[in-house]
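Q: To start, I am sharing the structure in question, which I have written as structure tokens.
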Amino acid sequence: MQMWLQKWSPDFKPEEDLPVASTWVLLPGFPFHMHDCRYIKKLLSSVGTPLVLDAATMGKTRSSMAKIHVEVDLLKPLPQSAFVGQEYDDSPLKCYTQKLEYEGVPKYCKHCRKIGHYMINCRAFEKKKAEQKEESEKKNQETILY
């Protein structure tokens, strides 16, 4: 049995895991001069709640990529890119789309609302489908008999 630390909420249900987890977001090829905590956190605020930069990004010892721990909502799709730059037509700065990669995203079942597996592997979902199928077959048999 695994234990997960969750933020308190008024609709807390001990049998369900919150669909919120922290994961690493990698910014491959992110310009080295932009490895600034405030800028990276602002850039990734659309992904989730930025928590902390990894040691190599903070110490600027890895120029090829930036890496930050972000709290994400597992019910929402994770964006594969983020817009970098200003959206003004007359902006002198170049704009581009930054690729986002994820590391350590936990599996989350939308059926039983548990972390650790996807719905395709959910025993509770399979059991429910089997019960529905059995019920449907029973109704069909009753219809045939009458």
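The values are calculated or read from the model by the stated rules, or taken from the named source; none is laboratory data. Note that this is a predicted model, so its numbers are computed, not measured. Note: ideal-geometry Cβ built from the backbone for every residue, glycine included; neighbour counts use all protein chains shown. The accessibility values were calculated without ligands, DNA or RNA, using every heavy atom of the protein model including side chains. Shrake-Rupley method; radii C 1.70, N 1.55, O 1.52, S 1.80 Å.
Q: Distances longer than 28 Å among the Cα atoms of the chain: what percent of all pairs is that? Please report the intermediate quantities before stating the final value.
A: Values: 4462 of 10585 pairs.
Counting pairs separated by more than 28 Å, the tail of P(r) holds 42 percent.
Q: Which value, in Å², gives the accessible area per residue of the chain when a 1.4 Å probe is used on the protein heavy atoms?
A: Using a 1.4 Å probe on heavy atoms only, each residue of the chain averages 75 Å².
Q: Suppose the chain between GLU103 and PHE12 were pulled fully straight at 0.36 nm per residue; how much longer would it get relative to their current alpha carbon spacing?
A: 30.0 nm
Q: Oh, and also: Helix 123-145 sits at what angle to the longest principal axis of the chain, using alpha carbons and giving 0 to 90 degrees rounded to 10?
A: 30 degrees
Q: Are there GluC sites (Glu not before Pro) in segment 2-75 that DSSP marks as loop and that have at most 12 other Cβ atoms within 10 Å, and which are they?
A: Here the sparse-neighbourhood loop sites are GLU15.
Q: Take each of the peptides 120-128, 36-44, average the number of other beta-carbon atoms within 10 Å over its residues, and list them starting from the highest.
A: Details: 120-128: 13.0, 36-44: 15.9.
Put in order of decreasing packing, that is 36-44, 120-128.
Q: Next question. About the Cα centre, and with charges only on the beta carbon of Lys, Arg (+1) and Asp, Glu (-1), how big is the dipole of the chain? Nearest 20 debye, please.
A: It works out to roughly 280 debye.
Q: Right, another one. Tell me the relative contact order for the chain as a rounded percent, counting alpha carbon contacts under 8 Å between residues six or more apart.
A: 24 percent
Q: Once fully extended, how much extra length lies between LYS94 and GLN80, figured as 0.36 nm per residue of separation less the alpha-carbon to alpha-carbon distance?
A: On the way: separation 14, 0.36 × 14 = 5.04 nm, distance 2.02 nm.
Separation in residues times 0.36 nm, less the Cα-Cα distance, equals 3.0 nm.
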